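Computed from the coordinates by the stated procedures, all read-outs in this text should not be read as laboratory data. Predicted, not measured: the structure shown is a model, and the values here were computed from it. Cβ placement follows ideal geometry from the backbone for every residue including glycine, while neighbour counts extend to all protein chains displayed.
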């Protein structure tokens, strides 16, 4: 049974429509990540689950109960804000205890709970400090501490790591994953960072312009993106897209031609060719190839490319190149490679790892 | 060039400082002079200080009583204006309601009217309800002046408090009153302090209404100080000593609360 359920959620501010009919659900204990570019409505959606934002239409259910109009405090959810939203005039202890005090929990119990949260988050020495005396990572930890003491049914995170530097971000990401494992509570996490989405999520909800583009596990979204948007959003660097012409079709099997392809490419549609309209002979489609699936040199299928620039990442190299039709292609090659500007080279790939999208951008 | 600029800047500041501080210096130094030194022309810069003027002032029951009256009126009018004004400012800063901008404008427009325009109507009202020459009438009138200042400054201050804090508190189960009392008031202290200083100084120095609405019983310090100027002689020493005594409490009050005026209390809240 679903623990969190959104049914046909819409949000309009006057004439401006922010959320256009979103229906999703999460199982108990699941880690769901809302991901999408800024302005896609992911934070608004989260705030509607919290009750901080009213829904224009649709229903919100938490743990079987309809909470659409319920005030935030009664939904038994905790939220960690992007800004942390710590009360600056209170000590760490008082910040964590705030919600318990508001619910008139006995003092001894508050002390026990705060001590427990401090232990879980390893911040016992910080309890008597004020937020301004803490580093960004420590503030983040206090915000999480404030969220866990209330034993919420649902944790909401609104881009919690975006104010931290890269190293801390990676560290806190691991901690949040650990917290999820230890507490086993349902979490909904909003981010625009696809790495956070891929590493943390049990299930990812990709949003664009107030609509759900695709829902699936990180691997599902990586292996079978439903459209160009999801394909471009999941995976880093972004998937390469080059135009190709369909020269033959046999059910879900297509034969594609492109000036850079050394030989016609035989590729199978991942979605069984169910997408309408399916591409026919003579149609132009987009061939998607992930940078990490392109190899320098040989492979079952080959493309001829002209190098523009190569960037060494130490262990691997990003090669920026162009097809014969001047379409940009990025390739992630193992080891250190030195390809000068204008140098011709061959990139190999496996047709099983190629994606095809029709002219409307839907996966074939 | 920058050096000359700095020099000019310094010289300018010094000139402004001298102009503002001179009357104050003159008052304080004169309060320690004998009548002979005071009237000497050209003025004497070096003199033997005397406390005679202060002895004169504190021996005068009228002055002591007036300072007590001023204190009562200033403390109550400022205190009540803060008690009434901060919730109003909270509502104006954080709620959307019909007529909000009109209400806001009404608060501010109270300060557009020249006080003397209302002096007569207020006098008549006070007379009819038997409030003339009471502390209460001055407190009520001063609140109408101080309240807009409190609302104005505190609304601005409350608006600068990150909204996330309020939302976090709401999620934690805080009521609107909790949010006001536990978050906005403590974080609004700088604005509240500034408006309280303005309010207190206004009440303390106000002369026009104090002159019009009081007789004998509740004359405030400025009224008494000016009253020395009638008659056949001008006791400059006593006037200057009274002036110094009047200025002292506000100066001390301002110094006490200026500590809270430092903004940046909200630092560390977000980010």
Assertion target for A:40, B:154, ordered by fewest C-beta neighbours within 10 angstrom first, is A:40, B:154
Ranked by GNM mean-square fluctuation in chain B (Cα springs under 10 Å), the top entry among B:46, B:147, B:255 is B:46
Normalised per residue, the volume inside the convex hull of the alpha-carbon atoms of the stretch B:109-163 in Å³ amounts to 91
Hydrodynamic calc, the stretch A:291-335: Kirkwood Rh from Cα pairs, then Stokes-Einstein at 25 °C with viscosity 0.890 mPa s, so D in µm² s⁻¹ is 228
So the angle from the long Cα axis of helix B:2-31 to the longest Cα principal axis of chain B, reported in degrees to the nearest 10, equals 60
Percent relative contact order for chain A, counting Cα pairs under 8 Å at least six residues apart, stands at 15
Rounded to a whole number, the mean other protein chain Cβ count within 10 angstrom for residues of B:158-168 is 5
If one builds a Gaussian network model of chain B from Cα atoms under 10 Å apart, the most fluctuating residue listed among B:161, B:21, B:139 is B:21
Averaged over the residues of A:80-92, the number of partner chain Cβ atoms within 10 Å of each residue's own Cβ comes to 6
For A:290, B:98, A:5, ascending order of other Cβ atoms within 10 Å (fewest first) is B:98, A:5, A:290
Mean-square fluctuation maximum in Gaussian network of chain B, Cα pairs under 10 Å, restricted to B:26, B:104, B:45, hits B:45
Taking Cα atoms only, helix A:166-183 is inclined relative to the longest principal axis of chain A by an angle, in degrees rounded to 10, of 60
Mean other chain Cβ within 10 Å across A:97-103 is 5
Whole-Å distance linking the alpha carbon centroid of the stretch A:188-211 with that of the stretch B:38-98 is 61
Computed over the stretch A:1-68, the relative contact order (Cα-Cα under 8 Å, seq sep at least six) in percent reads 41
For the stretch A:315-361 the translational diffusion coefficient, Stokes-Einstein from a Kirkwood Rh over Cα pairs at 10 °C and viscosity 1.306 mPa s, in µm²/s, is roughly 125
Least to most buried among B:236, B:152, B:106, by other C-beta atoms within 10 Å and fewest first, runs B:106, B:236, B:152
On each of the three principal axes the extent of the alpha-carbon atoms of the stretch A:2-233, given in whole Å and largest first, is 51, 39, 31
Rounded to the nearest 10, the angle in degrees between the Cα long axis of helix A:107-120 and the longest principal axis of the Cα atoms of chain A comes to 30
Over all pairs of different Cα atoms in the protein assembly as shown, the reciprocal of the mean inverse distance gives a Kirkwood radius in Å of 31.1
Correct semi-axes for the stretch A:113-268, from √(5λ) of the alpha-carbon gyration tensor and rounded to whole Å with the largest first, are 44, 16, 12
Of every Cα-Cα pair in the stretch B:51-261, the percentage lying beyond 21 Å is 60
Percent relative contact order for chain B, counting Cα pairs under 8 Å at least six residues apart, stands at 31
